[in-house]
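The block underneath contains the structure these notes are about, expressed in structure tokens.
The values are calculated or read from the model by the stated rules, or taken from the named source; none is laboratory data. All values reported here derive from a predicted model rather than from experimental measurement. Neighbour counts are summed over all protein chains in view; Cβ atoms, including those assigned to glycine, are modelled from backbone coordinates with ideal geometry.
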Amino acid sequence: MARPIELLIDQLWDTYRTINPQADQIHKLLTDRGETIVNDHIAFRTFQDPRIGIDQLAIPFLEAGYQAADEYHFEAKKLYARHFQHEDPALPKVFISELLLDQFPTDFRDLIQGMLDQLPKIETLSEPLCTAGPLWQVPHADYLALSKQSEYAAWMAAHGFCANHFTVLVNALTTLDSLEDLNGLLVKEGFALNEEGGAIKGSPDVFLEQSSTIASVVDVAFRDGVHPVPGCYYEFARRYPLPSGALFEGFVAKSADKIFESTDQKLQN
Ligand code: NI
């Protein structure tokens, strides 16, 4: 019988694949080769606000036995993040970031406040916050205005609470020896990769290599109509052993900084 945390992860995947049709296609591409996909981590985005911050999103994971691990700072993007992991290696790590609203000017914060004012009482939600989707509606013009200062904020305005990405653990693949090989296969099959800072972020020196697709474009119902905007992306991670011999289980801020840009409008076309 599946544990509640596994049912939650299945539910997150079901929503994620509708916001990122590439995920199913890549899943099939790999399983058709005989691969069994291991999910390295699931990532969530939010705003730093006591009602919906990292601590709130983490609740169902902490209740399932996850523990808070490292923290990360992204100064240019004005983000703070933490990752959580479970002693059961079959459960993916969880990476939650939050936008530091107090570092933005008033016009920007007013737009975000307009969204936060629409929040229901979080304790009345019938499902975990991380599955709640957008708990607000904004005009498309607000989406565009937010994106000028933070693509991350614009993405949150459009999609709200859901998995921003799932991640294939490259170490667990048996028919591909490296992240380079997986990237080559994906490009050959017509998937576009996020090339910001190079297709592969990180190196064996920092014990982690990552790449990602460019987010799928999906139609989103804004308050004043439906508009196509970047949705979710698929990530790929290869982990390397630390000097102790154990695999590195953390994240590398410099690499994650560029991975965040997988949902930027500038990458579309
Ligand atoms: Ni990630």
Looking at the stretch 56-75, is at least one residue touching a Lys or Arg at 6+ places or on another chain (Cβ under 7 Å), in a strand (DSSP E or B), modelled with pLDDT of 95 or more and closer than 29 Å to Lys148 by Cβ?
yes
Determine which single condition Ile96 fails, assuming it passes every other condition in (1) more than 21 Å from the chain's Cα centre (by Cα); (2) surrounded by 15 or more Cβ atoms within 10 Å (Cβ to Cβ); (3) outside any helix (DSSP H, G or I); (4) not small (Gly, Ala, Ser).
(1)
May I ask you to list the residues in the stretch 108-139 that are in a helix (DSSP H, G or I), over 22 Å from the mean Cα position of the chain (by Cα) and either at positive phi or not hydroxyl-bearing (Ser, Thr, Tyr) (or both)?
Phe108, Arg109, Asp110, Leu111, Gln113, Gly114, Glu123
Any residue at all in the stretch 28-42 that is among the aliphatic types (A, V, I, L, M), closer than 17 Å to Gln85 by Cα and within 13 Å of the chain's Cα centre (by Cα)?
yes
Considering only the stretch 227-269, how many residues are free of Cβ contacts under 8 Å to residues at least 40 places away in the same chain, in contact with a helix residue (DSSP H, G or I) (Cβ under 9 Å, 6 or more places away or on another chain) and closer than 23 Å to Leu135 by Cα?
0
A careful count of residues in the stretch 211-226 that are free of Cβ contacts under 8 Å to residues at least 60 places away in the same chain and farther than 13 Å from Glu261 by Cα gives 3
Yes/no for Leu62 being surrounded by 12 or more Cβ atoms within 10 Å (Cβ to Cβ) and without any contact (Cβ under 8 Å) to a residue 60 or more places away in the chain:
yes
Of all residues in the stretch 162-210 being without any contact (Cβ under 8 Å) to a residue 60 or more places away in the chain and part of a strand (DSSP E or B), the one that is farthest from Leu247 (Cα to Cα):
Leu193
